[in-house]
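Novice: Can you read through this structure? Questions will come right after.
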Amino acid sequence: MAIPNRRNGSSAATAAYDSIASLSSAGLWDQVIDEVDGRRIRIGGDWFIDYASCNYLGFDLDPQVIDAIDDQVRRWGTHPSWSRMLGSPRLYPMIEERLTELLGAPDTLVLPTISQIHLSVIPALAGTGHIFLDSRAHRTIYDGCVHARGLGATVHRFRSGDLEHLSELLLDLPAGSDALVCMDGVNSMTGNTPDLDAFARLCRRHGATLYVDDAHGFGIIGERASGESSPYGSRGNAIVRHYGQSYDNVVLVGGFSKAYSSMLAFVACQTPVKEYLKIAAPTYLYSGPVPTASLATVLAGLDVNEARGDAIRADLYSKSRRVLDHLDGLDVHTPNASGFPLIEIPLNDPDALLPTARTLLDHGLYTTLAPYPGVPRDQVGFRIQMTAAHSDEQIDDLLTALTALAASALLRRS
């Protein structure tokens, strides 16, 4: 098999190669983490505060979650290696029952990862019908749609968040055609959400199914209620409940790998859809299961969420708000209008990512970088992921670094 190199690849591939190679050589990308101490990480001989982790609720460090592993591993072994088609340890239906109640969904199906779900469930739901893909949907959703196209579906793209554009495309749909609309819930870069109410209503009006990936919302945002601990809502039961929506014509995809710090993902849907996926989705039929330790930490995480989740989310909101208010005081632009714990900061000059990242490292901070062509040039910058496990002192260090970057005119002004 020939492996493309930077000389014989496409211009986009060459740009990606050059960008990532320069970041890697500078110690800013693709690093080996040698040690973890709370929200501090060691790379080689240097320690950094980790703002690249998506362990939003800090469950990766929670003693109650960690202590749950041993008993289940001794009971089930490290890896009960059946595909779900062949057999599911009792842990699976236990998780699905609790998850179904938490999400307020008719039913749920848990599978290893969101990426696998997109690659198997999108083609299964789309068949040879039509897919309408949000232009800024996560790359893994795009990959699922490309796979579906190879199996006979027709893919259309609509401008991100543009209800009118989607409406025009749906109006042109041939009568009787199946339609699947695919989009993100909480966007993985901006931290914002689409107008789910409006999109759900539009899809129902046209008989389309709305397929939403809320990887970054599940565990953080949830149903609204009087007396809620923060604007994130209550229970962390994801975007459908956050908007008070039902699951009629809605399929919700989410995962435990971020807020719950566990390897597992799910589809929330009507029961007939679940039963169909159990015979049509290769991920259910053929994939090996997740390790027992992950199933154990999911169940423990659900316990912690029930007992302490809203207090943890209130603390997370307060920490995220502190950073956002500091950026506002510096007159630094961020597209984050939600207050959710993903804070994207674009640069004035997309070619200044390397010195910006070096400045962050010099301040002892490790963040998620967003280079071109992974994002458009006007969105090149970095992303801060806040977690409940960050200390006030660590946030002080972050604010100091942001102040220095703003003073050097590297960050875009509001």
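The values are calculated or read from the model by the stated rules, or taken from the named source; none is laboratory data. All values reported here derive from a predicted model rather than from experimental measurement. Here the Cβ is made from the backbone with ideal geometry for all residues, glycine too, and neighbour counts use every protein chain on show. These accessible areas exclude ligands, DNA and RNA; they are computed on the full protein's heavy atoms, side chains included. Shrake-Rupley method; radii C 1.70, N 1.55, O 1.52, S 1.80 Å.
Novice: Looking at (1) touching a helix residue (DSSP H, G or I) at 6+ places or on another chain (Cβ under 8 Å); (2) more than 22 Å from Thr387 (Cα to Cα); (3) buried (at least 17 other Cβ atoms within 10 Å of the Cβ), can you tell me which one Ala352 breaks?
Specialist: Going through (1) touching a helix residue (DSSP H, G or I) at 6+ places or on another chain (Cβ under 8 Å); (2) more than 22 Å from Thr387 (Cα to Cα); (3) buried (at least 17 other Cβ atoms within 10 Å of the Cβ) one by one, Ala352 breaks only (1).
Novice: Ok, one more. What's the number of the only condition in (1) among the polar types (S, T, N, Q); (2) more than 26 Å from Ser135 (Cα to Cα); (3) assigned to a loop (DSSP other than H, G, I, E, B) that Asn305 fails to meet?
Specialist: (3)
Novice: Please pick out the residue among Tyr284, Tyr260 that is in a loop (DSSP other than H, G, I, E, B), of a type in the set (Phe, Trp, Tyr) and touching a helix residue (DSSP H, G or I) at 6+ places or on another chain (Cβ under 9 Å).
Specialist: Tyr260
Novice: Write out, first by first residue and then by second, each pair whose Cβ atoms fall under 7 Å of each other, whose residues are 6+ apart or on separate chains, and whose first residue, in segment 268-279, is among the β-branched types (Val, Ile, Thr) while the second is open to solvent by 40 Å² or more (accessible area, probe 1.4 Å).
Specialist: Close Cβ pairs (under 7 Å, with a partner that is open to solvent by 40 Å² or more (accessible area, probe 1.4 Å)) amount to Thr271/Pro106.
Novice: Which one is most open to solvent (accessible area, probe 1.4 Å) among residues in segment 215-230 that are part of a loop (DSSP other than H, G, I, E, B) and under 21 Å from Phe199 (Cβ atoms)?
Specialist: Arg224
Novice: Continuing with this model, one more query. Going through segment 159-178 one residue at a time, which ones are under 24 Å from the mean Cα position of the chain (by Cα) and among the aliphatic types (A, V, I, L, M)?
Specialist: Leu163, Leu166
Novice: Mind checking which residues of segment 61-102 are within 17 Å of Ala265 (Cα to Cα), out of contact with any helix residue (DSSP H, G or I) (no Cβ under 6 Å at 6 or more places or on another chain), outside any loop (DSSP other than H, G, I, E, B) and not acidic (Asp, Glu)?
Specialist: Those that are within 17 Å of Ala265 (Cα to Cα), out of contact with any helix residue (DSSP H, G or I) (no Cβ under 6 Å at 6 or more places or on another chain), outside any loop (DSSP other than H, G, I, E, B) and not acidic (Asp, Glu): Tyr92, Pro93, Met94, Leu99, Thr100, Leu102.
Novice: Which residues, taken from segment 363-401, are assigned to a loop (DSSP other than H, G, I, E, B) and open to solvent by 30 Å² or more (accessible area, probe 1.4 Å)?
Specialist: Across segment 363-401, the qualifying residues are His363, Tyr372, Pro373, Gly374, Pro376, Ala389, Ser391.
Novice: What number of residues within segment 180-220 satisfy the criterion of being within 14 Å of the chain's Cα centre (by Cα), within 17 Å of Gln270 (Cα to Cα) and of a type in the set (Val, Ile, Thr)?
Specialist: 1
Novice: Just give me the residues in segment 326-364 being without any contact (Cβ under 8 Å) to a residue 60 or more places away in the chain and within 20 Å of Val186 (Cβ to Cβ), in sequence order.
Specialist: Listed by number, the list holds a single entry, Thr334.
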